[in-house]
Amino acid sequence: MRGRPALAAVTVIGALALAGCGDSDSGSSSSGAELSVGAAYIPQPVSDSMAAGFLTITNEGDTEDELTSVTSGAGDVTVHETVDGTMREVDRLPIPAHGELVLESGGNHLMFEKLKQQPKQGQTVSVELHFAHSDPVTVKLPVKAATYRPTGHSAHSGH
């Protein structure tokens, strides 16, 4: 597995994050988007009321989709893009056909605000991802150390 750690990590995390969305469903999709989620996490926030979330949405399908919103019982969640070092809230981010949308530290990300309680390392935060064309997907984001940075993922490979 040493040669393909990113694939292994996405497979394991994706399987854990999308429990209930088994491979038996993969053949039932038509020529639309085929979305899966991996590399999901939240660094333990230093603020009581705000946190950031990161994940990768992979689209194996022939059709582009868009992440349009995120909901969570943990608090309000907004989608942010970062352009030239400036963060701003957006109402959607594209997920290209046969591509991926990477939400990562320093780049596009989820912003949690008005947290009901501060997530602690070892806990998980559940979110529901909403798309322009695909059904919503529920993902559990594990809370990692505040200094955690994923390794082995091609986070800077572009879109």
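Descriptive notes on the structure:
- Ranking Arg149, Arg92 by solvent-accessible area of protein heavy atoms (1.4 Å probe, all protein chains present), from largest to smallest, gives Arg149, Arg92.
- Residues in region 61-66 carry Karplus couplings, in order, of x, 8, 10, 5, 9, 9 Hz; the curve used is 6.51 cos²θ - 1.76 cosθ + 1.60 with θ = phi - 60°, and Gly or Pro positions show x.
- Cα gyration tensor, region 74-159 - rounded (a/c under 1.5), prolate or oblate: rounded
- Under 13 Å, Cβ to Cβ, from Thr78 - net charge with Lys/Arg +1 and Asp/Glu -1: -2
- A probe of 1.4 angstrom, applied to the heavy atoms of all protein chains, finds Asp135 with accessible area near 120 square angstrom.
- Using the Karplus relation 6.51 cos²θ - 1.76 cosθ + 1.60 with θ = phi - 60°, the per-residue 3J(HN,Hα) values for region 72-81 come to 7, x, 6, x, 6, 10, 10, 9, 10, 10 Hz, with x marking Gly and Pro.
- Loop-resident sites, region 58-159, for GluC sites (Glu not before Pro), counting at most 14 other Cβ within 10 Å (DSSP): Glu60
- The residues of region 56-119 have, on average, 48 Å² of accessible surface per residue, using a 1.4 Å probe with all protein chains present.
- FRET efficiency, 1/(1 + (r/R0)^6) with R0 22 Å, evaluated for Glu64 and Ser105 via beta carbons: 0.30
The values are calculated or read from the model by the stated rules, or taken from the named source; none is laboratory data. The model shown is predicted, which means the values in this text are computed figures rather than measured ones. Counting neighbours? That spans all protein chains shown, and the Cβs are built from the backbone with ideal geometry, glycine included. Ligands, DNA and RNA are excluded from the accessible area calculation, which covers all protein heavy atoms including side chains. Shrake-Rupley method; radii C 1.70, N 1.55, O 1.52, S 1.80 Å.
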